[in-house]
Structure formats: structure tokens, C-alpha cells
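A short worksheet on the structure shown next.
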Amino acid sequence: MQQKAPLVKLAITTGEPAGVGPEISFAATLDFLNEQANAHITLLGDINLLTPQVIPENLMERLHIQSTPLAESVEPGVLNPANAKYVLSLLDQASDGCMKGRFDAMVTAPVQKSVINIAGIPFTGHTEYLAERCNTKHVVMMLCAPLPQGFLGLKTPRDLRVALVSTHLPLKEVSAALSIELILETIQIVDQDLKKKFGIAKPVMRVAGLNPHAGESGYLGQEEIQCISPAIELAKEQGINVSGPYPGDTMFDARALEKVDAFIAMYHDQGLAPFKFVTFGGGVNVTLGLPFIRTSVDHGTALDIAGKGIAESGSMLEALRLAYQLALNQRKPS
């Protein structure tokens, strides 16, 4: 008799309590557990926010609520800095659980960066917070979404993946932040995790330039010459299948979707504006380079619709599906 595979254990941090995080987390959890019998989910958050309806009896054994009390009560759509430490404690519990092997992956609902900073806690985003907590020098933010057959002429279904060299920086600071080392490490991390976590044996990557026309041989900027091209060449010498730099407005060539496993952009909107235009809110945020799997929704807290019962949970469901698949990939012998 074949032994049953152990359940894949996922943790969800339910995010900003005044936003849509708690409701989309609960809704997506029920959908995912009905869809996937080999999964267990732990919801992290205040239990009063996470039980708007009765948990179906058939799911009770595979759904656990790890309750953490709010500092102060919540009104949907109204931010309260008093609950900032509560939000971060959910991230701490999930990341600790992953590092100790209790969870196979963590999935995060959106947080409100501004209210955490108003509370006096410096916070740039999930990506940077988890990197610091895990003492990881360099992590990479990557967005993923499935594209259906026929979309932009695709002959088969294909995943669109866009990684970023810099993340939450003001645009005026991006150029100074770029270096050969940073770009090379980003390429290396994307290549490594596409192999290890996504199961792609020989990833193919494209890298964008920073300036219009990728600098036009130096006439429109020097970054391509000084750091982007040298980093790409060093990566090639290491056997990484990467090309560029490509102009940002032509890198996402529809014909390239058939053969490119990841596109690497220099800054946030260069990569995520085209990504979100074609994925229509169905994307998933993945943090590469961490010692565990972390996925997230690709949208914000949506304070204007919180508590109204109209928030879409599709992105959270996709984040759960991807976390589950990445966890299975990591179980396979290398």
C-alpha cells in the first residue's frame, strides 16, 4: 500500500486588519482547501476578524486559526497605528514557523506601509522586512502570473515572471543604487530559485536597461555601460542563460513570452506596470532568496471596500496555489 504524502502546511498572515486581508484570506482558504485535499492552512490573526461564517465541518481538520489579539478594535477602512505591532507580529510568527519547519511556506495578505511608519516603526515592505528578519543580505521581488493559451498569440499556456533589481525606492534614487554587484546577485538569485523552487532546469532570462533605448550607446545614460552590461557578461561567464540589456519598452516582446522564463527590470514600475496591465490582478508576489517560500497577493489593502463583502480573493487563491506548488517542488530530490 502506497504511503500517503504528508500534508503541505501553509501559513497565511492576514495583514492590515482594517483592510481586505482578513476577508480575502478566509475566503481563499476555503476555496483552496476544497480544491486541494493535500494541504493544511494556518490563518494568523485576530479570531474575531477570521470567523465571519462557520467553518465547514469537512475542512476543520485542515484549517487552524492561530489567534493573536488586536491592540485596539478595528473599523473597516479606518487605519489605527496602535495595531502596527500586531501586523508585524503575524509576519514574525509565520517566518519563525517556516524557519523551524512548522510551515512549508507563508502567504501574506497586504499591509499598509504608511500606518506602520506612523506608529514609529521603520517599514519599507514585506520583502525588506523578511530579509532583515532572516539575516539575508539580498532578496529579490518577483511577480508571477499564468497567461492562457492564445493570449498575445501564445501557442501554449505560459507563466509570466518579472523580477526587480530595486524595489521600493523613489525613482530619483534608483540610478545611484545600481551596481555590478547588485545586478549580478539579482540575476544569480533568480536563476537559482527558478531551478530550486520552480523546477526549471535551464532558466532563460532577459534583463532591462535603465534608460530610454537602453542608453543608446551612452548618449542617453551611462548605467548600461557602467554596470548593467558588465553584470550580464559576468553572469554569462558563470553559465547563466541571460541576455540584455533591452530597452524597457521592447523587452516584453510578445514573441519572447514563449521562451523567456523571467524578465528582470531595474526598478519597480518598469517591471510591474506592464506586468499588471496584462495580468489583471491575478498576479502573485514571490520573494526569492529567502530560506523559505513566501508568496503574496499583488494588490494593496483596498481600504475603500473593506468589510463590504465585495473584495475579490482571486489573487490570494493564486498565491496559495503557487506556494503549494513551490513547496511540492522543494520536496523533490534535486
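The values are calculated or read from the model by the stated rules, or taken from the named source; none is laboratory data. The structure presented is a predicted model; accordingly, all values stated were derived computationally and were not measured. Cβ coordinates were reconstructed from backbone atoms using ideal geometry, including for glycine residues, and neighbour counts include every protein chain displayed. When the accessible area is computed, the model is the full protein with side chains, heavy atoms only, and any ligands, DNA or RNA have been set aside. Shrake-Rupley method; radii C 1.70, N 1.55, O 1.52, S 1.80 Å.
For the range 132-153, indicate whether the set of residues that are outside any helix (DSSP H, G or I), among the acidic types (Asp, Glu) and open to solvent by 60 Å² or more (accessible area, probe 1.4 Å) is non-empty. Scanning the range 132-153 turns up no residue that is outside any helix (DSSP H, G or I), among the acidic types (Asp, Glu) and open to solvent by 60 Å² or more (accessible area, probe 1.4 Å). Per the listing Ala28, Ala37, the residue uniquely of a type in the set (Gly, Ala, Ser) and part of a helix (DSSP H, G or I) is Ala28.
Mind counting the residues in the range 220-242 that are surrounded by fewer than 19 Cβ atoms within 10 Å (Cβ to Cβ) and more than 25 Å from His168 (Cα to Cα)? Result for the range 220-242: 7.
Screening Thr42 against (1) within 23 Å of the chain's Cα centre (by Cα); (2) over 23 Å from Ile310 (Cβ atoms); (3) touching a residue at least 24 places away in the same chain (Cβ under 8 Å); (4) part of a helix (DSSP H, G or I) leaves a single unmet condition, (4). Beta carbons closer than 8 Å, at least 6 apart along the sequence or on distinct chains, pair a first residue in the range 135-159 that is charged (D, E, K, R) with a second that is open to solvent by less than 30 Å² (accessible area, probe 1.4 Å) and assigned to a strand (DSSP E or B) for Arg158/Leu147; Asp159/Cys144; Asp159/Ala145; Asp159/Leu147. When the residues of the range 54-65 are filtered to those that are open to solvent by less than 70 Å² (accessible area, probe 1.4 Å), under 23 Å from Lys308 (Cα atoms) and more than 25 Å from the chain's Cα centre (by Cα), the one that is modelled with the highest pLDDT is Pro56. Return a yes/no flag: does the range 6-16 have any residue that is open to solvent by less than 60 Å² (accessible area, probe 1.4 Å), in a helix (DSSP H, G or I) and either within 27 Å of Gly125 (Cα to Cα) or not hydrophobic (A, V, I, L, M, F, W, C) (or both). Within the range 6-16, not a single residue is open to solvent by less than 60 Å² (accessible area, probe 1.4 Å), in a helix (DSSP H, G or I) and either within 27 Å of Gly125 (Cα to Cα) or not hydrophobic (A, V, I, L, M, F, W, C) (or both).
When every residue of the range 307-317 is checked against the conditions, none turns out to be touching a residue at least 12 places away in the same chain (Cβ under 8 Å), under 27 Å from His138 (Cβ atoms) and part of a loop (DSSP other than H, G, I, E, B). For the range 75-102, the set of residues classified as touching a Gly at 6+ places or on another chain (Cβ under 9 Å), surrounded by 14 or more Cβ atoms within 10 Å (Cβ to Cβ) and part of a loop (DSSP other than H, G, I, E, B) consists of Pro76, Gly77, Leu79, listed by residue number. A single member of Thr51, Thr68, Thr29, Thr42 is among the polar types (S, T, N, Q) and crowded, with 22+ Cβ neighbours inside 10 Å, and it is Thr29. Inspection of the range 191-212 identifies at least one residue that is surrounded by fewer than 19 Cβ atoms within 10 Å (Cβ to Cβ), modelled with pLDDT under 95 and more than 24 Å from the chain's Cα centre (by Cα).
Annotation note: Cβ proximity below 6 Å between a residue of the range 54-78 that is within 24 Å of Ala302 (Cβ to Cβ) and a residue that is open to solvent by 70 Å² or more (accessible area, probe 1.4 Å) (sequence gap 6+ or interchain) occurs for Ile65/Ile47; Ser67/Ile47.
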